[in-house]
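Below is one structure, written out as structure tokens; comments come after it.
The values are calculated or read from the model by the stated rules, or taken from the named source; none is laboratory data. This one's a predicted model, so the numbers in the text were calculated from it and none came from an experiment. Note that we place each Cβ from the backbone using ideal geometry, even for glycine, and neighbour counts take in every protein chain shown. Surface areas here come from the heavy atoms of the whole protein model, side chains and all, with no ligands, DNA or RNA. Shrake-Rupley method; radii C 1.70, N 1.55, O 1.52, S 1.80 Å.
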Amino acid sequence: MHLSALVVSFPCIFDTMRPEEIHDKRVLLSPLNWGMGHVSRCIGLIHQLLEQNNVIMVASNAEQEAIFRMYFPELDYVALEGYPFQFEGNGNFAWDLAQNLGALKSRLKKELKETQTLVRSHTIDVVLSDHRYGFFCEDVPSVFITHQYHLPVNGMQVLADKWHKKRLRPFDHIWVLDYPDSRLSGKLSANPNDNRVKYVGPYSRFSLYDLNREKTEETVVVVSGPEVYAQQFADEIRANHPEATFICPDAIELDEVKRTSGNWKEQDTAILNAQRLISRSGYSTIMDLEALKIPAFLYPTPGQAEQIYLHNRLTDCSEYNP
């Protein structure tokens, strides 16, 4: 019998590993730095893992760490450089990414070495990567966390999907943040034909709160994403909804509106008080709405195929009712 046959004939002890099965472990977690949605959805996951008596170390950039510390000041944090992304604001995400591909590949190689060093120096048992392709280690079970096993691409862009799936190969497990019927992400996660995939359900930071409260704000607008697109979105919504409460970064110029620019905990309060939201159609927002159970008007970021797909799939005239 060939050696390769011997290897595949023995099941991995972690074949069925899911979030609820991780107890009393040292866990290293890192989110992608492209948008704060990756930080947001990791908050609910971290909360669950802490409840299961795990020790968590978070690897992130300074901006991400500052947000995590609002919810989990007791965790161990280590600095980790983000991925190089620069957006021109013309709505062509694919072109923007292509221009940064060389720098991204270089970063992935460096990140792999950094992850291996962290695992060995801190005696890590499990590595959790929220869509960071280079954040894994062959020494321990490594999990890729995503909502899109398949990228929403067409034509020549299928090469991007092939590159994406190639980058998934080193991971032992793939956690899809959706239900088994892919009711939230649709074709992005449906029929993966990959036995590493586990549907673990949606994750939201609002799972940390008591959701039974009076809704005192009629409309709350959440402005997010790369700054150039966020400013465009804020300007457009302000023109049509000047009475709304806006949640947006300090860098966004927005005058003569009710505005919340405080920390995430203050922003959470505004969202929890909202009767409806206006937001981008990012997947982390959709998972938040699944937890909050309030209607929303969703708008895709120009040129971002994933948000356009989710918007078209889940909404009727932009309104989404979870």
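Within segment 91-101, identify whether any single residue is more than 26 Å from Ala305 (Cα to Cα), of a type outside the set (Ser, Thr, Tyr) and modelled with pLDDT under 95, and answer yes or no. Outline the logic, then answer.
Here is the first cut: in segment 91-101, the residues more than 26 Å from Ala305 (Cα to Cα) are none.
Checking segment 91-101: not a single residue is more than 26 Å from Ala305 (Cα to Cα), of a type outside the set (Ser, Thr, Tyr) and modelled with pLDDT under 95.
Which residue out of Gly225, Gly134, Gly201, Gly186 is of a type outside the set (Phe, Trp, Tyr) and in contact with a Gly (Cβ under 7 Å, 6 or more places away or on another chain)?
Values: Gly134 fails: in contact with a Gly (Cβ under 7 Å, 6 or more places away or on another chain); Gly201 fails: in contact with a Gly (Cβ under 7 Å, 6 or more places away or on another chain); Gly186 fails: in contact with a Gly (Cβ under 7 Å, 6 or more places away or on another chain).
Within the list Gly225, Gly134, Gly201, Gly186, the selection yields Gly225.
Within segment 100-183, which strands (runs of 3 or more DSSP E) (wholly inside it) include 2 or more residues that are open to solvent by less than 20 Å² (accessible area, probe 1.4 Å) and among the hydroxyl-bearing types (Ser, Thr, Tyr)? Break it down into steps so the answer makes sense when it comes.
Details: elements: 126-130, 142-146, 173-176.
Ranges flagged: 142-146.
Please enumerate the residues belonging to segment 63-75 that are closer than 17 Å to Asp130 by Cα and free of Cβ contacts under 8 Å to residues at least 40 places away in the same chain. Steps first, please.
Taking segment 63-75 first, the residues closer than 17 Å to Asp130 by Cα are 63-65, 67-68.
Glu63, Gln64, Glu65, Phe68 - these are the residues of segment 63-75 that are closer than 17 Å to Asp130 by Cα and free of Cβ contacts under 8 Å to residues at least 40 places away in the same chain.
From Val127, Val119, Val153, grab the single residue that is modelled with pLDDT of 95 or more, in contact with a helix residue (DSSP H, G or I) (Cβ under 9 Å, 6 or more places away or on another chain) and among the hydrophobic types (A, V, I, L, M, F, W, C). Steps first, answer last, please.
On the way: Val119 fails: in contact with a helix residue (DSSP H, G or I) (Cβ under 9 Å, 6 or more places away or on another chain); Val153 fails: modelled with pLDDT of 95 or more.
Step by step, each of Val127, Val119, Val153 is checked, and only Val127 is modelled with pLDDT of 95 or more, in contact with a helix residue (DSSP H, G or I) (Cβ under 9 Å, 6 or more places away or on another chain) and among the hydrophobic types (A, V, I, L, M, F, W, C).
Given (1) modelled with pLDDT of 95 or more; (2) hydrophobic (A, V, I, L, M, F, W, C); (3) surrounded by 15 or more Cβ atoms within 10 Å (Cβ to Cβ), where does Phe87 come up short, assuming only one miss?
So the condition that Phe87 fails would be (1).
When only residues in segment 184-195 that are among the polar types (S, T, N, Q) and open to solvent by 20 Å² or more (accessible area, probe 1.4 Å) count, which is nearest to Gly35 (Cα to Cα)? Lay out the reasoning, then the answer.
At the first step, the residues of segment 184-195 found to be among the polar types (S, T, N, Q) are 185, 189, 191, 193, 195.
Next, only the ones that are open to solvent by 20 Å² or more (accessible area, probe 1.4 Å) stay: 191, 193, 195.
Working: Asn191: 27, Asn193: 29, Asn195: 29 Å.
Checking each candidate, the answer is Asn191.
Looking at segment 163-192, which of its residues are over 21 Å from Met17 (Cα atoms) and basic (Lys, Arg)?
Taking segment 163-192 first, the residues over 21 Å from Met17 (Cα atoms) are 163-164, 166, 183-188.
Those that are over 21 Å from Met17 (Cα atoms) and basic (Lys, Arg): Lys166, Arg183, Lys187.
Tell me which residues, restricted to segment 120-164, are under 19 Å from Ser284 (Cβ atoms) and among the aromatic types (Phe, Trp, Tyr).
Within segment 120-164, the subset under 19 Å from Ser284 (Cβ atoms) is 128-133, 135, 143-152, 164.
Residues satisfying the conditions are Tyr133, Phe135, Phe144, Tyr149.
For every residue, the table says whether it meets (1) part of a loop (DSSP other than H, G, I, E, B); (2) farther than 18 Å from Val127 by Cα; (3) among the charged types (D, E, K, R).
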{"position": "Asn33", "(1), (2), (3)": "yes, no, no"}
{"position": "His38", "(1), (2), (3)": "no, no, no"}
{"position": "Cys42", "(1), (2), (3)": "no, no, no"}
{"position": "Gln48", "(1), (2), (3)": "no, no, no"}
{"position": "Glu65", "(1), (2), (3)": "no, no, yes"}
{"position": "Arg69", "(1), (2), (3)": "no, yes, yes"}
{"position": "Glu74", "(1), (2), (3)": "yes, yes, yes"}
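Filter segment 19-31 for residues that are crowded, with 24+ Cβ neighbours inside 10 Å and either in a loop (DSSP other than H, G, I, E, B) or on the phi > 0 side of the Ramachandran plot (or both) and give the result.
none
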